[in-house]
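Peer 1: Before we start, here is the structure in question, set down as structure tokens.
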Amino acid sequence: MKTKVIKMLLIFSFIILFIPILNVKAEELTTSDVLSFMQENNLLDEEENFSLFGRILNGNDEYDIDKFTYTIESTDDKATIKVSLNDKEKGSIEKETIINLTPNQISYTNPNEIDSLESRIDTILFTQIIYSIGGARGYNKDILINWMNQINLNQEDAGLTSQTEQIKYSYKVNDGSYNYFVNVPKSYTIDINELTDNIPVTDYISIKEIKKDVSSITLSVYSENHLNDECDIYRLNDQNQYEKVGTTSCNNGEFTDKNLKDNTTYTYQATIKDEINCSDTKTITTDEIPLTGTTICLSILGGLIILGLILVILSKKYNPFKKV
């Protein structure tokens, strides 16, 4: 009997000790997981993300690229990423990037001129890899975009060592010229399991509509980890660029966007102050001007006047009693 009890205790102890090991292994990511997610989730498939990240490809308006697709072929120690671009004038452009793999690590050394199209493609692929590491772990897309933009690329971060060079580009919209800066990777090494331990889930910002009318929209902003900070609110303009329209508290702060057009759709994002887009977008349509009694009367009166004018013109044209 004692032997049976001892055996059962040993088995039970083994199970208790072994279960955490199983859990750890289940939580471990492999480079294969990341590349599979990356292949199936091209961040630049969405127009909004393309306008944000795709501009990097164009340099100083050298290109006008509107499409970025890729396929991935991998072995145990490397992956070949074949990128297809479409330039509105030059047509199809094909490029290839090779990254090095171990089961839990991705590394790359850039062999290209730092200002070349190839380097700009590698910059986009780097963001895709960072995004896909978090995505393969199941994190929310908007949290990942926020986290991806905030990673410090010039220092050793948890799970990430990189060397970059900052390049300045400019683009023209109407009569204005705007500058932007890109950290182009010279090299990087990513430990895919260490890196995701620092995804700031609580930095996520929610933005919601409180009320609207024909000429204004009131929004509320909240970020659990930034209750004492301010959030900037941006509205998408006619040039498909976000422009800052106000600032409010990140702790359910309210902001009213005024002097808007009636029956018009507006798109907003909120950020922690001085950071790039990190909330999900909020699209709202203002109310249509209602038909009041006065408006209806004026509409009817206007219609009667027009009808009267038409009858006068017709009566003159087709009058059977012509002057002789």
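Bear in mind that the values in this text are calculations on the coordinates, not laboratory data. Bear in mind that the values here come from a model prediction, so they are computed numbers and not experimental data. Every residue, glycine as well, gets a Cβ built from its backbone with ideal geometry; the counts of neighbours run over all protein chains shown.
Peer 1: Quick one: if you stick a label point 7 Å off each Cα along the C-beta vector at N228 and N41, how many nm between them?
Peer 2: Distance between label points: 3.4 nm.
Peer 1: To continue, here is another question. Please give the length that would be gained between S116 and D33 if that part of the chain were fully extended, namely 0.36 nm times their separation in residues minus their C-alpha to C-alpha distance (nm, one decimal).
Peer 2: 26.9 nm
Peer 1: For N263 and N240, what does the FRET efficiency come to when R0 = 22 Å and r is the distance between their Cβ atoms, rounded to the nearest 0.05?
Peer 2: 0.60
Peer 1: Take peptides 240-248, 129-137 and line them up by average Cβ neighbours within 10 Å, highest first, as a rough protection proxy.
Peer 2: Ranking the peptides 240-248, 129-137 by packing returns 129-137, 240-248.
Peer 1: What list of ³J(HN,Hα) couplings, whole Hz, do you get for region 123-140 from phi and the Karplus terms 6.51, -1.76, 1.60, once you set θ to phi - 60° and write x for glycine and proline?
Peer 2: Taking θ as phi minus 60°, the curve returns 5, 5, 5, 4, 5, 4, 5, 4, 4, 6, 5, x, x, 5, 8, x, 6, 4 Hz for region 123-140.
Peer 1: Here's something else I'd like to know. State, to one decimal in nm, how far the label point of E48 lies from the label point of D213, with both points 7 Å from Cα in the Cβ direction.
Peer 2: 2.8 nm
Peer 1: OK, next. At 0.36 nm per residue, minus the direct Cα-Cα distance, what do E288 and A158 gain on full extension? Give it in nm, one decimal, please.
Peer 2: Computed gain between E288 and A158 is 41.7 nm.
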